[in-house]
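The numbers here are math on the coordinates, done by the rules we state, and not lab data. Everything quoted here is computed from the prediction, not taken from an experiment. Please note: Cβ atoms are built from the backbone with ideal geometry, for glycine as well, and neighbour counts cover all protein chains shown.
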Amino acid sequence: MISKIKNFLKCRGKGIINSRYEKLDIIGDIHGYYKELVALLEKMGYTKIDGVWQHPNRKAIFAGDMVSRGPATREVLKLIKQMVDNQTAMAVLGNHELNMIGHFTTKKNGRPYLILAPSNKSQMEAVQKQFNNDKELYDYVKWLRTLPFMIDYGRIRVVHAYWSSKNQKILSSSITRGKISKSQLKEIFKHKTPFSKAVWQTTRGIEINLPNDMIIKDAKNLRRANFRIKWWKKPEGQTFRAISYGNRFVLPAYTIPPEIIKPFEVYHANNPIVIFGHYCAGNEPMVVSDNLCCIDSCIAGSEGKLSAYRWNGEKKINPDHIIQVDRF
């Protein structure tokens, strides 16, 4: 069975539940907050044995955005890598890991594969300082390239921002050598192919571009060009405000013009459970339907928390299975 799980990690196919791990703990966006991660693991009954955090009959899955923003990305990555390497946890990539991979992986000319916006670049510079410019940083970046974008256990699925069966097929058929290759990084950051689109939708969700004549500004007085939507609902006939999810700005309550809507795969209510992160659900409901739960509770915010969903085999989301620790 262990060899099958290893094969899953290499081929990014469907996950296989080891009989020892019939129960899963899906942990939301950590963003470099190590102390809170340790507190959450302890609260869920995990203990550190021979240097590795583990549970006697449960397995952890990290839902992406493990890095940046917080003070201890290095310690968080070390803990998670030890768990993944020892098969007491699995992890998927989020958009912040993709930023980290793109920024710290360089071409032959020494330039990074991804040129970041100033705010994201400053986050990566802070991460680099946490590693004291040590070579170990680049070892972790290479390791991140071996992680999957999606995990499918059949009865439950884990992804960072958006689940699409079409994207799952594209990703699993494209990444076949156990890691994201440098040629695939180049493809991802050019934003021109179905593979690139699948990566960005999976790690950033579905976004709609705002009309040119609509001026929406966030709390920092910056104009927004697009907004995140509820990918489990059809946007046609919906208002901007009703279809919005995880945005830190208020949208108007009038109907979205059909010409700005691009087709995507809507996740239906009769599909398996999906646990996802990304959306900082501080002011949004975490449980959005019987089969969908956002486990990102804004740990990097001033009143943020770190959350996990404890799955015991149920077919419907149980809000009582969400466990949290406050930010220290």
Once you sort the root eigenvalues of the Cα gyration tensor of segment 176-328 as a ≥ b ≥ c, which label holds: rounded (a/c under 1.5), prolate (a/b larger than b/c) or oblate (the other case)?
rounded
Nearest 5 percent is fine: what portion of the DSSP beta bridges confined to the chain is antiparallel?
60
Just list whichever of 169/192; 166/262; 81/121; 197/220; 81/107; 166/192 have alpha carbons separated by over 21 Å in the model shown.
81/121; 197/220; 81/107
DSSP-loop chymotrypsin sites (Phe, Trp or Tyr not before Pro) across segment 193-279, with at most 12 other Cβ within 10 angstrom
254
Cβ crowding within 10 Å averaged over residues, with 28-34, 208-214 ranked highest first
28-34, 208-214
Residue 48: which aspartates and glutamates have alpha carbons under 17 Å from its alpha carbon, excluding same-chain residues fewer than 8 sequence positions away?
25, 36, 75, 85
PRE zone check, label point 7 Å out along Cα-to-Cβ of residue 139, amide N under 17 Å, scope segment 38-73, hits 51-52, 73
A student applying the Cα gyration tensor rule (rounded when a/c is under 1.5; otherwise prolate if a/b is larger than b/c, oblate if not) would label segment 241-328 oblate
In what sequence, highest mean first, do 115-123, 283-291, 160-168 appear when ranked by Cβ atoms within 10 angstrom?
160-168, 283-291, 115-123
Normalising by the residue count of the chain, find the relative contact order in percent from Cα pairs under 8 Å and 6+ residues apart.
20
